[in-house]
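The values are calculated or read from the model by the stated rules, or taken from the named source; none is laboratory data. Since the model is a prediction, treat every value here as computed from it, not as a measurement. Every residue, glycine as well, gets a Cβ built from its backbone with ideal geometry; the counts of neighbours run over all protein chains shown. Note: accessible area is taken over every heavy atom of the protein model, side chains too, but ligands, DNA and RNA are not part of it. Shrake-Rupley method; radii C 1.70, N 1.55, O 1.52, S 1.80 Å.
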Amino acid sequence: MDIVVCVKQIPDPAAPQSFDSSNNLNRSGKLILDEADTYGVEMALQLVDKAGGGEVTVVSMGSGADVAGLRNALALGATKAVIVSDDSLRGSDALSTAKVLAAAIKRQSFDLVLAATESSDGYTGTTPVQLAELLGLPSITFAKAVSVEGTELKVSRQTEAGYDEVTAPLPALVTVTAGVVEPRYASFKGIMAAKSKPLEVLSVADLGLEGQVGAAGAREEIVSVEAAESRQAGEKYVDEGDGADKVVAFLETIKVL
Amino acid sequence: MTLSTLWVLAEPSSGSFTTTSLELLTHARSLATNVVAITWGDGGSLGALAGEYGATTLYDVGDLKGALPGVPVAAAIQALSESGDAPDALLIPTSYDGRDVAGRLSARLDRPVLTNVIGLSDEGGLVTEHQVFGGSMAVKAKFTGPGPGIVVVRAKSFVAESAGGPAAAVVAAPAGDTGATGSAVVANSHVEERTGPKLEEATVVVSGGRGLGEASAYTMIEEVAKLLNGAAGASRAIVDAGWVPYSHQVGQTGKTVKPLVYIACGISGATQHMVGMKGSKNIVAINKDADAPIFQIADLGIVGDVHKVLPALIDALKARS
């Protein structure tokens, strides 16, 4: 069984975020593999293992030359990596991103496409489903458990009330939530092996998408960016055994008690 | 008004529409002269409710025969909008199925989608409002190409109010054959039981995070919530860790809550979390780390160990009841 995992290299979420002069998220610093994607990579490795073999291909898109996050995915055990990297991709919206990923994934062999429910930098959360539509695949989002029996996919999908058991025939696309599996750590052996694993870099021209993606393909624009009205911090006390009393007194002033 | 028609995805939920759907219908009628709702399943019998909240027409995709709504509902909307009846924009609630419909429709119509919207206004065209960077920055955006643009709006962005309108005309809008893309079907549904008020509706929400240290400590959160007749919530960190079910999660990916008071216990205040609770009327934070970002938005901050403060709080609350 062959699985494609969509991954994104993002600025470190622990570092302060900012916009660049074009109101795009500033990605000039070091990029890392989005932690949300480590669950998809792990899920893919486990499913391929259970199926008795197959390839895990990580596919990504970016506007820079940074591939450290992809090397990380290879170190975890992915077979090969593909990144569409092109300056013209800067300013891509979610649909453009899906078009680029779809074109890159069509060149791969796959039975299943995995993605995170949303990235940890943009939080748009629609790219995987747009991608499924462009690839002509059924999709099951918000998976908290995934299994494959023959050519049938079984997924526990989160709902407002609990979860649904959903089935679909392969090939299909699934978005996994954090917590679906426990991601492994890269071993020293894995990190060394990753250095010689195939990493293909494609351009927008390689995919025949010139002028359709990136800022050229975006059909929305930012009107304004302003500091949001912020809440003022109130009083802060160090607990000296009276912390609970302070909470009770506060609840009294707002008439909860 | 520069907007003539807005369509609203009205998600059916146990004999009604979801609250977010009603919020969107309410706001849509202040922006456009004509508001049309689209629903499926049990929603087809809710023409009176759709009309009460301002819709003139309720398109009913009908029984989905177990299929996940994303594909068939998007296919039906595509057919409607390509038959010459396209709206200026389509408003969709942020929800599991709502996001599926938005993604499918965006790719089918080749139209852009704006998500995480918390405000909508007519400024010579539809302008969306978003909060980014943990709510510290407000961004306004608009569509530039041909419509209809697709807008996915977060819960509690608007207040639902009945307009007392006449029943909407219910019009069948079948999906037709969706082929392989529509082949994901629900085999079984599982409901996870909860007691007490619903998280989104409770006047008091008590939430726990990683600072609790271990899953068993979450019982303290539940106990405080119960004593205050509130609901127990959680940060993404402990939901991911499997300590509590996802239905408890407050934040960007979880629920949006705006209670009278939100009590954050052992929650540092990641961007992800703050977006879901910073609209609370009052915020109390209890955390060991005096520099935790949560204190920047807390009306009352207690720098202390939840394992000491919460048992004392439980005793104090019990003594009063």
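Figures for the structure shown
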item	result
Neighbour-limited loop hits for GluC sites (Glu not before Pro), the range B:197-273 (at most 15 other Cβ within 10 Å; DSSP other than H, G, I, E, B)	B:Glu201, B:Glu214
The protein assembly as shown - share of DSSP beta bridges that are antiparallel (%, nearest 5)	35
DSSP beta bridges in chain B [antiparallel fraction, %, rounded to 5]	25
Which listed pairs, of A:Lys99/B:Lys65; A:Lys30/A:Lys197; A:Lys255/B:Lys156; A:Lys255/B:Lys258; A:Lys144/B:Lys281; A:Lys144/A:Lys246, have C-alpha distances above 28 Å, in listed order	A:Lys99/B:Lys65; A:Lys144/B:Lys281; A:Lys144/A:Lys246
Dimensions (Å) - the range B:3-182, Cα atoms, principal axes, largest first	44, 40, 31
Acute angle (nearest 10 degrees) that the helix B:218-227 long axis makes with the longest principal axis of chain B, alpha-carbon atoms	80
For the range A:20-83: accessible area per residue (Å², 1.4 Å)	39
Test item: Cα-centred dipole of the protein assembly as shown, Lys/Arg +1 and Asp/Glu -1 on Cβ, debye	520
The range B:3-182 - share of DSSP beta bridges that are antiparallel (%, nearest 5)	35
Unit charges at the beta carbon, dipole of the range B:111-266: most positive-side option, B:Leu228, B:Pro259, B:Val113	B:Val113
Degrees between helix A:243-253 axis and first principal axis of chain A (Cα, 0 to 90, nearest 10)	80
Net charge of neighbours whose Cβ lies under 14 Å from the Cβ of A:Arg157, counting Lys and Arg as +1 and Asp and Glu as -1	-3
Helix-only CD estimate at 222 nm, as mean residue ellipticity for the protein assembly as shown, using -39500 (n - 2.57) per DSSP H run (n ≥ 4)	-7500 deg cm²/dmol
Shape of the range B:199-320, Cα gyration tensor, a/c cut at 1.5	rounded
Solvent-accessible area per residue for the range B:199-320 (1.4 angstrom probe, square angstrom)	35
Gain in span if fully extended, B:Val159 to B:Glu214, counting 0.36 nm per residue against the direct Cα distance	16.1 nm
Note, ³J(HN,Hα) from phi for the range A:191-207, Karplus 6.51, -1.76, 1.60, rounded to Hz, x at Gly and Pro	5, 5, 5, 4, 5, 10, 7, x, 9, 8, 10, 10, 9, 4, 5, 4, 9
Simple spin-label estimate for B:Lys318 and A:Asp49 in nanometres, 7 Å along Cα-Cβ	4.5
Order of exposure, largest accessible area first, which applies to A:Thr38, A:Thr151, A:Thr126, B:Thr56 with probe 1.4 Å	A:Thr151, B:Thr56, A:Thr38, A:Thr126
Computed E for A:Asn24/B:Ser45 - FRET, C-beta separation, R0 60 angstrom, nearest 0.05	0.85
Paramagnetic reach from B:Thr144 (point 7 Å along Cα→Cβ, amide N under 17 Å) across the range A:214-249	A:214-225
Pairwise Cα inverse-distance average, inverted: Kirkwood Rh of chain B (Å)	21.0
Placed amide H near A:Leu153: partners under 5 Å, 5+ positions off or other chain	A:Ala168, A:Leu170
Spin-label model distance (nm) - A:Ala161 vs A:Ala216, 7 Å beyond Cα toward Cβ	5.0
Within the range B:230-244: backbone nitrogen closer than 15 Å to the B:Lys198 label point (7 Å, Cα to C-beta)	B:231-232
Acute angle (nearest 10 degrees) that the helix B:70-80 long axis makes with the longest principal axis of chain B, alpha-carbon atoms	30
Sites A:Ile254 and A:Ala227 - FRET efficiency at Förster radius 22 Å, r taken between beta-carbons, to 0.05	0.20
B:Asp63, B:Asp88, ranked by accessible area, largest first (probe 1.4 Å)	B:Asp63, B:Asp88
Carbon/sulfur fraction of accessible area - chain B, other protein chains in place, 1.4 Å, %	50
Amide hydrogen neighbours beyond the local backbone of B:Leu114, cut-off 5 Å, H modeled	B:Ile150, B:Val151, B:Val152
Mean separation of Cα contacts under 8 Å, 6 or more apart, over the residue count of chain A: relative contact order %	23
Anisotropy class of the range B:107-204 from Cα gyration tensor, a/c 1.5 cut	rounded
Under 14 Å, Cβ to Cβ, from A:Gly214 - net charge with Lys/Arg +1 and Asp/Glu -1	-2
Two-site FRET efficiency, A:Gln108 against A:Lys154, from Cβ-Cβ distance with R₀ of 35 Å, rounded to 0.05	0.90
Where labels lie 7 Å past Cα in the beta-carbon direction, separation of B:Val171 and A:Glu240 in nm	7.1
Within 10 Å of each Cβ in A:153-160, the average number of Cβ atoms from other chains	5
